[in-house]
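Trainee: I have a structure here, written as structure tokens, and I will follow up with some questions on it.
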Amino acid sequence: MTEPSIQERLFPNMTCFGCGPANPKGFHLRSFGAEDGVVIASFTPWPEHDNGVGFLNGGVISTVLDCHTASLVVQAASERGWDPPPGAALAFVTAGLDVRFLRPTPLGPSLDLWAKAESLSETECIVLGELRYDGKVRATVRATWKRFRAR
Ligand SMILES: CC(C)(COP(=O)(O)OP(=O)(O)OC[C@H]1O[C@@H](n2cnc3c(N)ncnc32)[C@H](O)[C@@H]1OP(=O)(O)O)[C@@H](O)C(=O)NCCC(=O)NCCSC(=O)Cc1ccccc1
């Protein structure tokens, strides 16, 4: 897609490995709002992301699910005026990820990411996510996001 992604619009200078536009060696995940509060993205694994038996490594799966749910939380926080603390790039951080690997995930060519909010509040957001390939859900996440306080 040519339009700016959520990440490019809301945190263009972020250096997160998975989704920071400003990390020169990162994944540069690009997520976009769709209908009914859903956020979507696609991710193309690198050959290096092999899990040793020809499928996608589980840590990489967890990273992209973490970062994709982040885009939903950051967009929701921005829309509601839940601003980051002074000097911080983000209003929320991941407090927990419950990832389930339902079936092996091929190394591409391109995988689909989906996310939708379960609940959103100023102190805690819970987001459901899925990684899909070839019409099948390969992995799911229930991500808990908590308000970040700079110290
Ligand atoms: C094995 C199990 C966990 C359980 O399955 P089972 O008890 O046998 O249950 P069931 O028979 O119901 O099968 C369920 C579905 O799975 C499919 N399937 C199963 N085996 C194969 C196969 N060989 N090839 C293709 N497909 C296969 C099977 O067809 C079915 O799909 P379907 O309904 O027909 O479309 C399976 O769900 C799975 O592989 N999940 C993904 C795990 C995963 O990606 N983990 C993360 C990466 S590992 C990592 O990073 C860690 C690491 C660290 C360090 C170094 C190296 C590595």
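The values are calculated or read from the model by the stated rules, or taken from the named source; none is laboratory data. Bear in mind that the values here come from a model prediction, so they are computed numbers and not experimental data. Note that each Cβ is placed from the backbone with ideal geometry, even for glycine, and that neighbours are counted across all protein chains shown.
Trainee: Counting only residues that are part of a loop (DSSP other than H, G, I, E, B) and either more than 16 Å from the ligand (Cβ to nearest atom) or more than 20 Å from Asn57 (Cα to Cα) (or both), how many does the stretch 101-134 have? Steps first, answer last, please.
Mentor: Of all residues in the stretch 101-134, those part of a loop (DSSP other than H, G, I, E, B) come to 102-110, 121-123, 134.
If we keep only those that are either more than 16 Å from the ligand (Cβ to nearest atom) or more than 20 Å from Asn57 (Cα to Cα) (or both) as well, we get 109-110, 121-123.
Qualifying residue count for the region: 5.
Trainee: Identify the residue in the stretch 72-117 that is of a type in the set (Phe, Trp, Tyr) and crowded, with 17+ Cβ neighbours inside 10 Å and, among all such residues, is nearest to Arg132 (Cα to Cα).
Mentor: To start, the set of residues in the stretch 72-117 that are of a type in the set (Phe, Trp, Tyr) comprises 82, 92, 101, 114.
Those still in the list that are crowded, with 17+ Cβ neighbours inside 10 Å too: 82, 92, 114.
Working: Trp82: 31, Phe92: 26, Trp114: 8 Å.
Step by step, filter the stretch 72-117, then rank; the result is Trp114.
Trainee: Consider Arg142 against the criteria (1) at pLDDT 95 or above; (2) touching a Phe, Trp or Tyr at 6+ places or on another chain (Cβ under 8 Å); (3) closer than 23 Å to Ala77 by Cα: it satisfies all of them except one. Which criterion is unmet?
Mentor: Just one mismatch for Arg142, condition (2).
Trainee: Restricting attention to the stretch 65-73, does a residue exist that is acidic (Asp, Glu), at pLDDT 95 or above and within 22 Å of Arg142 (Cα to Cα)?
Mentor: Taking the stretch 65-73 as the starting set, the residues that turn out to be acidic (Asp, Glu) are 66.
Imposing the further condition that a residue be at pLDDT 95 or above reduces the set to 66.
Now drop any that are not within 22 Å of Arg142 (Cα to Cα), which leaves 66.
Yes, some residue in the stretch 65-73 is acidic (Asp, Glu), at pLDDT 95 or above and within 22 Å of Arg142 (Cα to Cα).
Trainee: Which one of Gly81, Gly54, Gly87 is within 16 Å of the ligand (Cβ to nearest atom) and on the phi > 0 side of the Ramachandran plot?
Mentor: Criteria check complete, one pass: Gly54.
Trainee: Let me ask something else about it. Go over the candidates Leu90, Leu29 one by one and state the one that is at pLDDT below 95 and under 16 Å from Ala143 (Cβ atoms).
Mentor: Only one candidate passes the filter, namely Leu90.
Trainee: Can you find a residue that is touching a strand residue (DSSP E or B) at 6+ places or on another chain (Cβ under 6 Å), within 28 Å of Asp134 (Cβ to Cβ) and within 16 Å of the ligand (Cβ to nearest atom) anywhere in the stretch 25-43?
Mentor: Yes, that holds for at least one residue.
Trainee: Among the residues that make up the stretch 47-55, is at least one of them surrounded by 18 or more Cβ atoms within 10 Å (Cβ to Cβ) and not in a strand (DSSP E or B)?
Mentor: Looking through the stretch 47-55, at least one residue is surrounded by 18 or more Cβ atoms within 10 Å (Cβ to Cβ) and not in a strand (DSSP E or B).
Trainee: Here's a follow-up. Looking at the structure I just gave you, is Asp98 within 16 Å of the ligand (Cβ to nearest atom), in a helix (DSSP H, G or I) and not basic (Lys, Arg)?
Mentor: Spelling it out, it is not the case that Asp98 is within 16 Å of the ligand (Cβ to nearest atom), in a helix (DSSP H, G or I) and not basic (Lys, Arg).
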